[in-house]
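The structure under discussion appears below in the form of structure tokens.
The values are calculated or read from the model by the stated rules, or taken from the named source; none is laboratory data. If you're wondering where the values come from, they're calculated on a predicted model, not measured in any experiment. As a convention, Cβ positions derive from the backbone with ideal geometry for all residues, glycine included, and neighbour counts pool all protein chains shown. Quick note on the areas: whole protein, heavy atoms, side chains included, nothing else; ligands and nucleic acids left out. Shrake-Rupley method; radii C 1.70, N 1.55, O 1.52, S 1.80 Å.
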Amino acid sequence: MATDFELLRRRLETERESLLAELKTTACLAGVRRGPGPYGEAGELAADTIEVETELVLEKCIRDQLAEVEHALYKFDQGTYSLCDICGQPIDPARLEALPQANLCLSCKAHQAKSRK
């Protein structure tokens, strides 16, 4: 079965639009705060702090995913999509089907994960 690179590109573009919308929604929700609650000011401050930290983690996760998708789209434009960023070898088409923004072959990804431990 041949890999349909145009379909993968469309999936990446759709994912980019979805992530941008999610990022916009997250930013809008960050501006909404609750009113006074049953635990007084200290309780509300603690709850607001936890909420802000959670929103920041979510926003970072979305931005990281967006960066991966945009990098893959950049590689399409450069003609290097489906090639590993480290070794330059082709990435297994099944891996790209599962994760179109994959930028490393399985061997380099495994080596990278092992190095991080």
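Miscellaneous remarks
- Using a simple spin-label model with pseudo-atoms 7 Å out from Cα toward Cβ, L99 and L23 lie 2.1 nm apart.
- Lys pairs, the chain - Cα-Cα below 26 angstrom, 8 or more residues apart or on other chains: 9
- Annotation for T14 and T80: the two label points, set 7 Å from Cα along the Cα-Cβ direction, are 2.8 nm apart.
- Rg then Dmax, both in Å and based on the Cα atoms of the chain: 19.6, 63.
- Label-point gap, in nm, between H111 and L56 - each point 7 angstrom along Cα→Cβ: 3.6 nm
- Kirkwood-Stokes translational diffusion coefficient of region 50-111, alpha-carbon pairs, 25 °C, 0.890 mPa s, µm²/s: 193 µm²/s
- Percent carbon-and-sulfur accessible area, the chain, ignoring ligands, DNA and RNA, probe 1.4 Å: 59 percent
- For the chain, the dipole from Cβ point charges (+1 on Lys and Arg, -1 on Asp and Glu) about the Cα centre works out to 440 debye, to the nearest 20.
- A 1.4 Å probe run over the chain, with the rest of the protein chains in place, finds 69 Å² accessible per residue.
- Dipole of the chain computed with +1 at Lys/Arg Cβ and -1 at Asp/Glu Cβ about the Cα centre; of A46, Q101, L83, farthest Cα towards the positive end is L83.
- Cα centroid of region 63-117 to Cα centroid of region 1-26, whole Å: 15 Å
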